[in-house]
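Okay, so here's the structure we're looking at.
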Amino acid sequence: MISVCLLGASGSIGQQTIDVMLKNPHDFDLVSFSIGQRTRYVRGIIKRFPHISSICLQNKSSVNYYQKQYPSIHFYCGDEGLNELIRNSGAEMVVNALVGFVGLKPSITSLENDKILCLANKESLVVGGEIINHLLSKGKGKLYPIDSEHVAIAKCLAVDNQNVDKIIITASGGPFRNLSRDQLSDITPEQALAHPNWKMGKKITIDSATMVNKTFEIIEAHYLFGYGYQDIDVLINYNSFVHSIVRYNDGTYRADVGKPDMRVPIKYALYQGLTDYQTVVTDNLDSIKNTSFGEFDIKRFPIVNVAKKVIEEKGTLGAIFNASNEEAVRAFLNHEIPFLGIEKIINTCLSKQKSIKNPNYEDLKQVDLLTRSMVKEMIKKGEY
Ligand SMILES: NC(=O)c1ccc[n+]([C@@H]2O[C@H](COP(=O)([O-])OP(=O)(O)OC[C@H]3O[C@@H](n4cnc5c(N)ncnc54)[C@H](OP(=O)(O)O)[C@@H]3O)[C@@H](O)[C@H]2O)c1
């Protein structure tokens, strides 16, 4: 039985993590969790997990309210409360299912405190991949990704990591895979929120439509598995049945295949890679049943080129990329900017700011704040 702290319990990954833990009550004991604004989930989680001893909520008023209802539970508040929760709740494992930059510091705190970190918050690696890898190399903390593509790659490499030619990350192509670049300019938030294969939180759904998510995943794969940009390809897999592929020097492929269901990669991470699974080996990808592939067209989604820049130059580029994207996505969802404005804002921010080498967390936070105010200014001036 392993004790777990779940950050982002009200979200899409958070709720599916709860499903996995409820199905395996003898293996996981939820002792602490965090919620942002959707505090209506608090009561139900406490009811289902009797050993909850601490909770972090985003707002002081919610903390005051729930503290009165549950006097024996210790409540923490806000961004710093997330770190206190990790340090003080006694959980051996932290599942980080927060969305955005706010997830980075809790990932750092988890590894500094030698926790087993199951990481859905991909922004942690995009922004702070160097810090995370440094902490992993010098401490006792461990990291297991919660992303279907990276779990697929981890599974394939666990079976065979010799003579690897390429890591091939699959992409559904998002809801607009059949539209021309011109047609992309009129996309509304409502259209972008309708992903064909996955039901996810709003931000990652927009990131999937813009291909920022695939760009994030290439950067994530670089930090997780140590491959360079030139060793990582993207391939369209229309129904998301093939979660990712490793190609070997002898021309064979090993793939993780199955229905798209995030509970599978969540389970793999929670069991620290020790679940039963099978990979498919073939020398012809088209022979894999019930699925089909297409070339990824980088001309339609040139944002993916940003992965090369971030991987090769590092420093604070990931922080600029992430913060400009977070602010632009927020503005797009509020109907303040058009769909292609997201890409334009990211590129402008990356070209206007110089990267700082070997940043610490405080440097990254400064760059994050600066980039956000830059984006707000650009939107005010109509520069998108
Ligand atoms: N969903 C997927 O299928 C999927 C797949 C792979 C990777 N991921 C990654 O997993 C992460 C979570 O994605 P998601 O789809 O689960 O997102 P989501 O549904 O939007 O959930 C995000 C969670 O983070 C909390 N949160 C957001 N801002 C916060 C803040 N400032 N302080 C404290 N808590 C905050 C939210 O709380 P409230 O909602 O209560 O405010 C919610 O619990 C993302 O990094 C995403 O890229 C997701």
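Some observations on this one:
- Given charges at Cβ of Lys, Arg, Asp, Glu: region 165-236 dipole, positive-most of Ala171, Tyr227, Trp198: Trp198
- In Hz, Karplus ³J(HN,Hα) per residue of region 226-235 (6.51, -1.76, 1.60; θ = phi - 60°; x = Gly, Pro): x, 8, x, 4, 5, 8, 10, 10, 10, 9
- Extents of region 155-304, taken as max minus min of Cα coordinates on every principal axis and listed largest first, are 46, 32, 31 Å.
- Ranked by the mean number of other Cβ atoms within 10 Å of their residues, highest first, the peptides 255-267, 2-14 fall in the order 2-14, 255-267.
- Lysine pairs in region 137-203 with Cα atoms under 30 Å, if 8 or more residues apart or on separate chains: 15
- Taken over the alpha carbons of region 315-380 as equal point scatterers, the Debye sum produces base-10 log I(q)/I(0) values at 0.13 Å⁻¹ of -0.31.
- Placing unit charges on the Cβ atoms only, positive for Lys and Arg and negative for Asp and Glu, gives region 315-380 a dipole magnitude near 160 debye about its Cα centre.
- For region 53-69, putting each phi into the Karplus relation 6.51 cos²θ - 1.76 cosθ + 1.60 with θ = phi - 60° gives couplings of 10, 8, 9, 10, 10, 6, 9, 4, 4, 5, 4, 4, 5, 6, 4, 5, 6 Hz, in residue order, rounded to whole numbers and with x for Gly and Pro.
- Average 1/r across all pairs of distinct alpha carbons in region 42-83, invert it, and you get the Kirkwood radius: 10.5 Å.
- Of the residues Gly128, Leu285, Gly44, the one whose Cα sits farthest toward the positive end of the charge dipole of the chain, with +1 on the Cβ of Lys and Arg and -1 on the Cβ of Asp and Glu, is Gly44.
- Cα shape, region 229-336, gyration tensor, a/c 1.5 rule: prolate
- Built amide H within the under 5 Å cut-off of Leu143, gap 5+: Leu117
- For Cys56, residues with placed amide H under 5 Å, excluding near neighbours: Phe33, Ser34, Ile35, Tyr76
- Global form of region 77-227, assessed from the alpha-carbon gyration tensor, a/c cut-off 1.5: oblate
- Global form of region 2-145, assessed from the alpha-carbon gyration tensor, a/c cut-off 1.5: prolate
- Peptides 45-56, 211-222, 316-327 ordered by packing proxy, namely the average of other Cβ atoms within 10 Å per residue, highest first: 316-327, 211-222, 45-56.
- 3J(HN,Hα) along region 145-153, derived from phi through the Karplus expression 6.51 cos²θ - 1.76 cosθ + 1.60 where θ = phi - 60°, amounts to x, 10, 7, 4, 5, 6, 5, 4, 5 Hz, with x in place of Gly and Pro.
- Here the dipole of the chain is about 1020 debye; that uses its Cα centre as origin and unit charges on the Cβ of Lys and Arg (positive) and Asp and Glu (negative).
- Principal semi-axes in Å for the chain [√(5λ), Cα gyration tensor, largest first]: 31, 27, 20
- Taking every C-alpha pair closer than 8 Å and separated by at least 6 residues, the mean separation divided by the residue count of the chain gives a relative contact order of 15 percent.
- Spatial separation of Cα centroids for region 336-367 and region 33-101, in angstrom: 31
Values quoted throughout were computed directly from the atomic coordinates according to the rules given, and no laboratory measurement underlies them. Note that the coordinates shown come from a computational prediction; the quantities given were computed from them, not determined experimentally. For neighbour counting, all protein chains shown are included, and Cβ atoms are generated from backbone atoms with ideal geometry for every residue, glycine included.
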